[in-house]
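For reference, the structure discussed in these notes is given below.
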Amino acid sequence: MSDRHHEERSMSASKRIVRFLQRYRFVFLVLAAGAVLFPIVFFIVDSINQRTMNEGAAAMYELDKQRDAYNAETDKDKKAADKKQLFSLIDTTADRFRGRYAGAYALLMRADMNYAAVTAPDAADTKEPALSILRDLSRVVDTTDDNVLVTVALNHLGTVVQNLANLAPAAGGGGSAIGLQELLEIVPKSALGAAKPGKTEDVAFDVFQSLVDRFPKCLYAPEAIVNMGFLLEAKGDAKAAYDLYGRLESDFGPSLWTKIAINRKIALEAEGLVKK
């Protein structure tokens with residue numbers, strides 16, 4: 001090949017490269033800008049998340065400190081004032097860290113305190129604190145961040161609804177002071193099944209089912225399955241309960257809940273409600 005031909009080919013290749021770069025120059029500019037900006041944006045976002053985590057840890061520490069002061073207080077009036085202050089801090093923390101661990105932690109703290117109030121021997125009007133429990137647990141369940149506290153909230157919510165007639169009994173006895181419609185306005189739709197629950201017990205079952213479906217391997221799944229079995233037994237569906245208890249034997253290792261499930265299977269067989 002002559003020098004002239006070689007030069008012509010080199011010029012032709014150069015022109016093709018220039019045309020290619022001109023045609024896709026916008027794409028190359030975007031890629032170049034992204035290569036420069038991505039580390040900067042990542043650093044900023046990571047710094048913000050780290051700062052939020054640190055602030056959340058500090059907020060939880062302050063909550064724990066005020067709760068300890070409330071628990072240690074013996075003067076009735078001072079204790080009431082401490083409780084009001086603590087609940088106000090819980091509201092602030094839950095709003096500031098909505099959807100994050102610290103926000104869920106705050107709501108679960110108040111739910112635990114109200115649960116202690118409604119189960120106390122001298123508890124009087126339990127409807128309002130029971131409603132507060134349901135609202136706080138539901139807010140955690142409805143969070144956009146599936147942190148570990150969501151499983152805690154789902155399990156607690158199902159248990160509270162399951163025992164609502166005892167926690168907030170109706171004035172005349174029989175049932176709960178919190179009606180089904182009122183309950184459905186609080187419990188997140190994401191925790192309910194496709195069909196509208198017809199009874200409070202159905203709401204509890206759906207919440208437990210949501211826990212098992214969303215977090216099948218979590219710590220609270222075996223407990224939820226056992227409670228679902230209890231609810232099915234109460235409805236008279238012994239066969240469905242029996243099959244559900246069997247899941248604990250096949251899907252989960254030995255535990256207290258597995259032992260309970262095995263004992264319930266034996267009892268249902270002994271009562272002639274199911275055949276082995």
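Taking the criterion of being more than 21 Å from ALA204 (Cβ to Cβ), under 27 Å from the mean Cα position of the chain (by Cα) and among the basic types (Lys, Arg), the only residue of the range 231-276 that qualifies is LYS259. Counting only residues that are modelled with pLDDT under 95 and under 18 Å from the mean Cα position of the chain (by Cα), which one in the range 192-209 is farthest from ALA240 (Cα to Cα)? Among those residues, the one meeting the criterion is LEU192. Exactly one condition in (1) in a loop (DSSP other than H, G, I, E, B); (2) free of Cβ contacts under 8 Å to residues at least 40 places away in the same chain; (3) closer than 24 Å to ASN114 by Cα is false for PRO197; which is it? Of the numbered conditions (1) in a loop (DSSP other than H, G, I, E, B); (2) free of Cβ contacts under 8 Å to residues at least 40 places away in the same chain; (3) closer than 24 Å to ASN114 by Cα, the odd one out for PRO197 is (3). Quick check on LEU157: is it in a helix (DSSP H, G or I), modelled with pLDDT of 95 or more, more than 24 Å from TRP257 (Cβ to Cβ) and of a type in the set (A, V, I, L, M, F, W, C)? When the stated conditions are applied, LEU157 does not pass them. Could we say that ILE90 is surrounded by 15 or more Cβ atoms within 10 Å (Cβ to Cβ) and within 21 Å of LEU211 (Cβ to Cβ) here? No. Of all the criteria given as (1) buried (at least 23 other Cβ atoms within 10 Å of the Cβ); (2) within 12 Å of the chain's Cα centre (by Cα); (3) closer than 28 Å to ASP251 by Cβ, the one not satisfied by ASP136 is (3).
Scan the range 166-175 and give yes if some residue there is assigned to a helix (DSSP H, G or I), touching a Gly at 6+ places or on another chain (Cβ under 9 Å), surrounded by 15 or more Cβ atoms within 10 Å (Cβ to Cβ) and not hydroxyl-bearing (Ser, Thr, Tyr), otherwise no.
no
Contact map, the range 64-79: residues that are without any contact (Cβ under 8 Å) to a residue 12 or more places away in the chain and assigned to a helix (DSSP H, G or I) paired with residues that are of a type in the set (D, E, K, R) and surrounded by 10 or more Cβ atoms within 10 Å (Cβ to Cβ), Cβ distance under 8 Å, separation 6+ or inter-chain. Pairs shown: LYS79/GLU73. A single entry from SER210, SER190 fulfils the requirement of being among the hydroxyl-bearing types (Ser, Thr, Tyr), over 17 Å from LEU131 (Cβ atoms) and surrounded by fewer than 17 Cβ atoms within 10 Å (Cβ to Cβ): SER190.
Among the residues of the range 233-265, the ones that are touching an Asp or Glu at 6+ places or on another chain (Cβ under 9 Å), buried (at least 17 other Cβ atoms within 10 Å of the Cβ) and either free of Cβ contacts under 8 Å to residues at least 24 places away in the same chain or outside any helix (DSSP H, G or I) (or both) come to 1 in all.
The values are calculated or read from the model by the stated rules, or taken from the named source; none is laboratory data. These numbers come from a predicted model, not from an experiment. Glycine also receives a Cβ, built like all others from the backbone with ideal geometry; neighbour counts cover every protein chain displayed.
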